[in-house]
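Here, each number is a calculation from the coordinates, and none is a lab measurement. The model shown is predicted, which means the values in this text are computed figures rather than measured ones. A quick note on method: Cβ atoms are made from the backbone with ideal geometry, for glycine too, and the neighbour counts reach across all protein chains shown.
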Amino acid sequence: MDESRKSGTNQLKPHNHPAQLTRMSLNDNKAGMQGLDKEKINKIIMDNTVGSRFYKNEQKREQQVNARIQKMKEKLNSFTSNQIMTAKQHAEEILSEVENQRDLSRTIIHIDMDAFYAAVEERDRPELKQKPMAVGGMDMLSTSNYVARKYGVRAAMPGFIAKKLCPNLIIVPTNFDKYREVSKETQEIFSEYDENFCGMSLDEAFLDITDHLQKRLIYDQQKKWLSIKFYKHGLFASAGIAPNTMLAKIGSDLNKPNGQTFFAPNRDEIMKFIKDFPVRKVNGIGKVTEQLLSSLGVQKCGDIYEMRAELMLLFSATSCSFFFRMCLGCSSNILEPDGERKSISTERTFSTISNRDELFAKLDELCHSLAADMKKQNVQGKTLTLKTKNVDFQLHTRSKTINVPMTNYQTIFPVAQELLKQEILNANNKLSLRLMGKYQ
DNA sequence: GGGATACAACTCG
DNA sequence: TTCCACGAGTTGTATCCC
Ligand SMILES: Cc1cn([C@H]2C[C@H](O)[C@@H](COP(=O)(O)OP(=O)(O)OP(=O)(O)O)O2)c(=O)[nH]c1=O
Ligand SMILES: [Mg+2]
């Protein structure tokens with residue numbers, strides 16, 4: 001039940017796209033996206049976005065970020081020179097502590113498959129290799145091959161917009177089981193080099209090859225060898241080799257696809273590189289933090305040092321120590337074995353439901369699905385969280401912790417039902433529902 | 001003051 | 001024709017209860 005499509009406001013809203021929405025436009029800091037017509041692509045994206053409920057929500061969030069920035073600037077102006085001075089001293093202490101801890105003795109590789117899901121699909125349908133192709137659905141794409149990227153089509157872009165950018169785009173449905181299979185194959189190879197390798201997702205992993213290197217030189221071989229191994233499938237990977245995980249991760253992206261980067265264990269070279277490296281490309285700095293930092297004039301990692309006092313006063317200790325390590329090119333070089341999972345969840349988006357009974361029927365489905373997943377993974381939970389999203393894309397969560405752990409549908413559903421009842425009372429507007437169960 | 005608990009916001013792939 | 005996913009993790013803040 002979602003009217004409001006007053007077609008009176010006519011379609012020809014000419015190019016008055018509000019002062020560039022930073023949240024919205026094409027993100028080209030991604031492999032395979034250089035030298036394309038960004039203007040044109042952004043126009044198509046905007047033309048298919050402006051006015052939608054999704055867009056309105058994005059605008060709202062943008063406003064919130066701007067408010068945060070405003071507040072930050074006010075705070076900044078209120079600092080006395082004395083405060084700045086002591087903050088600078090404190091920052092220096094932390095920085096020199098980081099510098100003292102710098103350890104260039106390990107060699108870490110980050111390996112990242114190229115266009116992973118798409119590459120697997122191309123393996124099974126080689127005729128797709130020359131064609132623009134993406135994996136996902138009309139609502140959302142998980143990734144695209146490099147041919148499609150030339151059109152501006154990329155991961156996390158809705159399929160229907162991608163189709164506007166590239167009418168010939170072929171969209172292949174997602175096939176997780178296949179990707180899991182291939183992932184297993186690659187991980188077997190990784191374990192030959194480092195049995196304690198750390199798989200970050202289906203398509204990427206960190207390896208500490210320090211010990212392996214003592215036995216055998218594989219700097220160059222690593223890549224060739226991966227290429228050969230995967231050649232039969234036509235799959236390729238990129239790699240970054242460095243003294244720590246942050247640099248290794250940066251490196252694997254620098255020469256994508258089918259490329260690699262080597263950072264020598266040399267302080268000066270690392271500092272020289274990191275100085276001009278954009279903060280946004282560092283893992284952990286997303287769209288929002290980028291904007292917050294940018295409003296302080298911090299765009300490159302080197303800028304962090306210049307603003308160390310202000311950052312100390314404006315951000316949490318956790319954030320600051322992260323920033324400071326960043327600007328010195330330092331990060332962990334220890335690969336933690338991944339422990340127990342912390343949560344398990346299932347969520348679904350569907351066309352708007354406002355009928356109460358239908359809502360509960362949907363909830364029932366989700367509980368069954370969650371219970372099945374929990375059984376398969378052999379886990380139980382003590383906290384259940386219901387997550388909802390309404391037609392305006394507003395998110396809401398409501399959770400309940402209970403003494404006796406939940407293990408199956410019978411124990412989950414009653415709790416979920418309570419949460420949904422409350423949620424319906426709370427927001428008597430129609431909601432498009434999703435459920436998410438967690439366990440902690 | 002120090003754990004739980006609840007919830008929003010952010011990030012990643 | 002369609003009109004922005006889904007699963008997992010972290011951090012920050014508020015609140016309550018020893
Ligand atoms: C970024 C992203 C990736 N994925 C999936 C699909 C990707 O193939 C897989 C790995 O992510 P990525 O490594 O980020 O992307 P990619 O491997 O497709 O392309 P490349 O590394 O060459 O730039 O994760 C999503 O489902 N949603 C996302 O938003
Ligand atoms: Mg990849």
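Before moving on, here are some points about what is shown:
- Output for the stretch A:379-398, where each listed residue is within 30 Å of A:Ser52 (Cα to Cα) and in a strand (DSSP E or B): A:Thr385, A:Leu386, A:Lys387, A:Thr388, A:Lys389, A:Asn390, A:Leu395, A:His396, A:Thr397, A:Arg398
- Qualifying positions in the stretch A:114-166 - among the small types (Gly, Ala, Ser), closer than 16 Å to A:Asp37 by Cβ and within 16 Å of ligand 2 (Cβ to nearest atom): A:Ala148
- Selection status of A:Lys281, within 16 Å of ligand 2 (Cβ to nearest atom), closer than 25 Å to A:Leu95 by Cβ and under 20 Å from the mean Cα position of the chain (by Cα): yes
- Tally of residues being within 15 Å of A:Pro158 (Cβ to Cβ) and among the small types (Gly, Ala, Ser) across the stretch A:52-74: 1
- Count of the stretch A:242-291 residues which are under 17 Å from A:Phe324 (Cα atoms), in a loop (DSSP other than H, G, I, E, B) and within 13 Å of ligand 1 (Cβ to nearest atom): 2
- Condition check for A:Met312: in contact with a His (Cβ under 7 Å, 6 or more places away or on another chain) and surrounded by 14 or more Cβ atoms within 10 Å (Cβ to Cβ): yes
- When residues of the stretch A:362-388 are limited to those that are in contact with an Asp or Glu (Cβ under 9 Å, 6 or more places away or on another chain) and over 14 Å from A:Ile344 (Cβ atoms), the one surrounded by the fewest Cβ atoms within 10 Å (Cβ to Cβ): A:Thr388
- Selection over the stretch A:190-209 of residues that are within 17 Å of A:Ala119 (Cβ to Cβ), within 13 Å of DNA strand C (Cβ to nearest atom) and among the hydrophobic types (A, V, I, L, M, F, W, C) gives a count of 1.
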